[in-house]
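Only one structure is covered here, and it is reproduced in the block below.
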Amino acid sequence: MGLEAALWRAVAVYRFAALAYAAVLIVRNSGGYEHPAGGWAVLAVMVAWTFAATYLFANPRRRGWPLLTADLAVAAGCMLATVWVETAANLAGGRATLTASWVASVVLSWAVAGGKRYGLSAALALGLANILVHVAAGTLHRLQGPGSSTFNGIVLLGLAGLAGGHVVKLALQAEARLARAVELEAATRERERLARHIHDSTLQVLAMVHRRGGEIGGEAAELGRMAGEQEAALRTLIGIGGGSVPPPRPGGAEEGAEADLRPMLDAHASPLVTVSTPATPVRLPRHAAEEVGAAVAAALGNVRAHCPAGTRTWVLVEDDGAGQITVSVRDDGPGMPKERLAEAAAAGRLGVAQSIQGRIRDLGGTVSVVSAPGQGTEIEMTVPGARAR
């Protein structure tokens, strides 16, 4: 249910509550009316219109001028009927009109429909009807300005229209800003997802061509230089660009399916990469398992790209039995200083920031990186398992 629908529902609740209060007053005062049957007739009209207005205003396509005008006309008519039902003495003594606070629901309806200007317009119209009641009964001279109950009621109607319309405007603006923030968050996640895929494919190839071209020399060096320029341009593009389409969610037959993480990681085993997994299946939703596998592949790719040939790597998978799965990738390479990751992210190198940390963060997990010069690097990724999800 949207905010506007919630506001109309609140108006409907107030309409029924105010009707109950007006009904109590009519029942209590009917013995002193000049025409008691008229009081019951007005109450019947108010009850019928309360149900009708609640039903009609529930449909957004009907909330136009015809319905708003009819709502105002019914309320004003019931109020003016007080002249025929009540005695002049009772009105002079400060007794409220037959509608009492029920007419405020009309002011609130106009405020929700068009803001404070609409609310004030409805309040002025009903205030004028209230004054006409006293003019017709000959009791206008008994109104004593700000001290009279009638004057106070008119002022309260105006304040309700002004404050209600202003609050409605602020609430609708807040809802629009929230929707925009959700859209921006979805666009940011899509940009990060695209950046990860580009890093894992195109950027890695361009970086390898750049490095190998410089090592070979000659014409290959020129190709390597061009590849390096394209790599830098592409890193800048995915660092400042963005998508506008939310990331796709797994669907169809795969939605909700689980997968064993072990085979995805065992595929990386080699003479230089040792993979250790539990004896029992490590179950994750298929999409989550694929993302963890891609994060591990990115970590191993970083080892091949930035560590000397022959660097050993160990991949360890742990399932704590409470729904948390931890995957650590440790190497015996040269390591790196603490500020290296921040510098790499600022330069557009997204291997850890997006391909690893971004993936795990999107799964609701955490990543910790422990490294020091000469002591290798360990990346620990923790994600909720199938049971925790």
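Each part reduced to its alpha carbon centroid, the range 65-109 and the range 258-316 end up 76 Å apart.
Computed 3J(HN,Hα) for the range 366-371, one whole-Hz value per residue from the Karplus formula 6.51 cos²θ - 1.76 cosθ + 1.60 where θ = phi - 60°, is 9, 10, 10, 10, 10, 7, glycine and proline marked x. What the phi angles of the range 303-314 give under the Karplus curve with 6.51, -1.76 and 1.60, with θ = phi - 60°, is a coupling list of 5, 5, 7, 10, 10, x, 4, x, 5, 8, 9, 10 Hz, glycine and proline written as x.
In order along the range 280-286, the Karplus-derived 3J(HN,Hα) couplings, from 6.51 cos²θ - 1.76 cosθ + 1.60 at θ = phi - 60°, round to 9, x, 9, 8, 9, x, 3 Hz, and Gly and Pro are given as x. The length gained by stretching the chain between ASN152 and ARG286 to full extension, at 0.36 nm per residue less their Cα-Cα distance, is 41.6 nm.
With every protein chain in place and a 1.4 angstrom probe, the accessible-area ranking of VAL370, VAL45, VAL103, VAL275, largest first, reads VAL370, VAL45, VAL275, VAL103. Rounded to the nearest 20, the Cβ-based charge dipole of the range 22-124 about its Cα centre (Lys and Arg +1, Asp and Glu -1) stands at 440 debye. Around VAL315, what is the net charge, scoring Lys/Arg as +1 and Asp/Glu as -1 over all other residues with Cβ under 13 Å from its Cβ? Here the charged neighbours net out to -2. Once the Cβ-Cβ distance of VAL27 and LEU178 is raised to the sixth power relative to R0 = 51 Å, the FRET efficiency obtained is 0.65.
Surface calculation, 1.4 Å probe, protein heavy atoms: LEU7 sits at approximately 40 Å² accessible.
The values are calculated or read from the model by the stated rules, or taken from the named source; none is laboratory data. As the structure is a computational prediction, the values presented were derived from the model and not from experiment. Cβ sites come from the backbone with ideal geometry, for glycine too, and all protein chains shown count toward neighbours. Heavy atoms of the whole protein, side chains included, go into the accessibility calculation; ligands, DNA and RNA do not. Shrake-Rupley method; radii C 1.70, N 1.55, O 1.52, S 1.80 Å.
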